[in-house]
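**Q** Before I ask anything, here is the structure I am working with.
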Amino acid sequence: MGDFEVNPFYELIIDDLVNRKYSVIDCFFSEEEINLLRANLFLKQDLENFKKAAIGQASEEQIVEEIRGDSILWLDEKKPDEVEKMYFDKVNNFIEYINRTCYLGIQEGEFHYACYPKGTFYKRHLDVFHSDTRRTLSVVLYLNEQDWTPANGGELALYLQNEDGTEREEIVQPLPGRLVVFDSKYIEHEVKMVNYPRYSITGWLKTR
Ligand code: OGA
Ligand code: MN
């Protein structure tokens, strides 16, 4: 721990995660970096290699548009382009920090671009699978255009427990550049009906 330096910005995210199991961060990436990531997503989308997202895992994968209507493209961390490398460098720096300070034991990540066309949504769910509980933190970075408005819908709803055991809904607007980090094992969530194409990179930080 000789060269360890406290990062006050990361500490705020960690405080949130410890206290309420989620954090919403608006300045993890610069506006320019977000513009580059969005342009990169559009480029890959033009190549038409996005696939309808499935639910379930491995042999149990199914496409069910009544549950989720987005199309996705997995990032290949072994062959990142220049823009993706910038994304991975920043995320991996954060992973290294939380592993050192919180002993989370994050060993790997998996990340995909996501596009929700108008009229799609993702019904309430938990990000861990019954047969595979390695997903520890969910990280969603919104790449929507700068003039995104609430009328576009597509809010992320987080279902949180009050101290008295009742439930409340925390609504998060998918604003460009906004990063939402939450506990994959506890926080049920949903993407509300989208009225205008909605773009993101969604990832999961996983234990071995
Ligand atoms: C998911 C998901 C939330 C969002 O892809 O599992 O819940 O806001 N995404 O895009
Ligand atoms: Mn999810």
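The values are calculated or read from the model by the stated rules, or taken from the named source; none is laboratory data. The shown structure was predicted, so the numbers you read here are calculated from the model rather than taken from an experiment. Heads up, the Cβs are rebuilt from the backbone with ideal geometry, glycines too, and the neighbour counts pull from every protein chain shown. Side chains are part of the model used for accessible areas, which takes the heavy atoms of the whole protein and leaves out ligands, DNA and RNA. Shrake-Rupley method; radii C 1.70, N 1.55, O 1.52, S 1.80 Å.
**Q** Kirkwood hydrodynamic radius, computed over distinct alpha-carbon pairs, for the range 32-102: how many Å, to one decimal?
**A** Mean inverse Cα-Cα distance, inverted, gives 14.5 Å.
**Q** Here is a further query. Using modelled amide H (1.01 Å from N, peptide plane; none on Pro or chain starts), what sits under 5 Å from the amide H of Tyr196, excluding residues fewer than 5 places away?
**A** Amide H neighbours of Tyr196: Gly119.
**Q** Can you give me the distance in nm between label points at Thr166 and Ala58, each placed 7 Å from the Cα along the Cα-to-Cβ direction?
**A** 4.2 nm
**Q** So if R0 is 30 Å, what FRET efficiency would Leu126 and Phe9 give, r being the distance between their Cβ atoms, rounded to the nearest 0.05?
**A** The calculated FRET efficiency here is 0.60.
**Q** Further question: In whole Hz and in residue order, list the ³J(HN,Hα) couplings for the range 120-128 that follow from phi through the Karplus curve 6.51 cos²θ - 1.76 cosθ + 1.60, θ = phi - 60°; x for Gly and Pro.
**A** So the J values, rounded to whole Hz, are 10, 6, 9, 4, 3, 7, 10, 7, 8.
**Q** If you wrap the range 158-208's Cα atoms in a convex hull and average its projection over all directions, what's the area in nm²?
**A** Hull-based average projected area comes out at 4.9 nm².
**Q** Now for a different question. Applying a 10 Å radius around every beta-carbon, put 118-125, 56-63 in order of their mean neighbour count, most first.
**A** Descending mean neighbour count gives 118-125, 56-63.
**Q** Mind checking the per residue accessible area of the chain for me, 1.4 Å probe, whole number of Å²?
**A** 54 Å²
**Q** Once the mean 1/r over all distinct Cα pairs of the range 30-166 is inverted, what Kirkwood radius in angstroms do you read off?
**A** 17.3 Å
**Q** So for the pair Tyr196, Lys78, with labels modelled 7 Å out along Cα→Cβ, what separation do we get in nm?
**A** 4.0 nm
**Q** Could I ask something else about it? Expressed in nm², what is the orientationally averaged projection area of the convex hull enclosing the Cα positions of the range 113-174?
**A** 6.1 nm²
**Q** Probe radius 1.4 Å, ligands and nucleic acids ignored: give me the carbon and sulfur share of the accessible area of the chain as a rounded percent.
**A** Accessible surface attributable to carbon and sulfur in the chain totals 50 percent.
**Q** Using 0.36 nm times the number of residues separating Glu48 and Cys27, minus their current alpha carbon distance, what extension gain do you get?
**A** Here the answer is 4.5 nm.
**Q** Amide H to amide H, which residues 5 or more places from Ile187 or on other chains are under 5 Å from it, using H placed in the peptide plane?
**A** So Ile187 has HN proximity to no qualifying residue.
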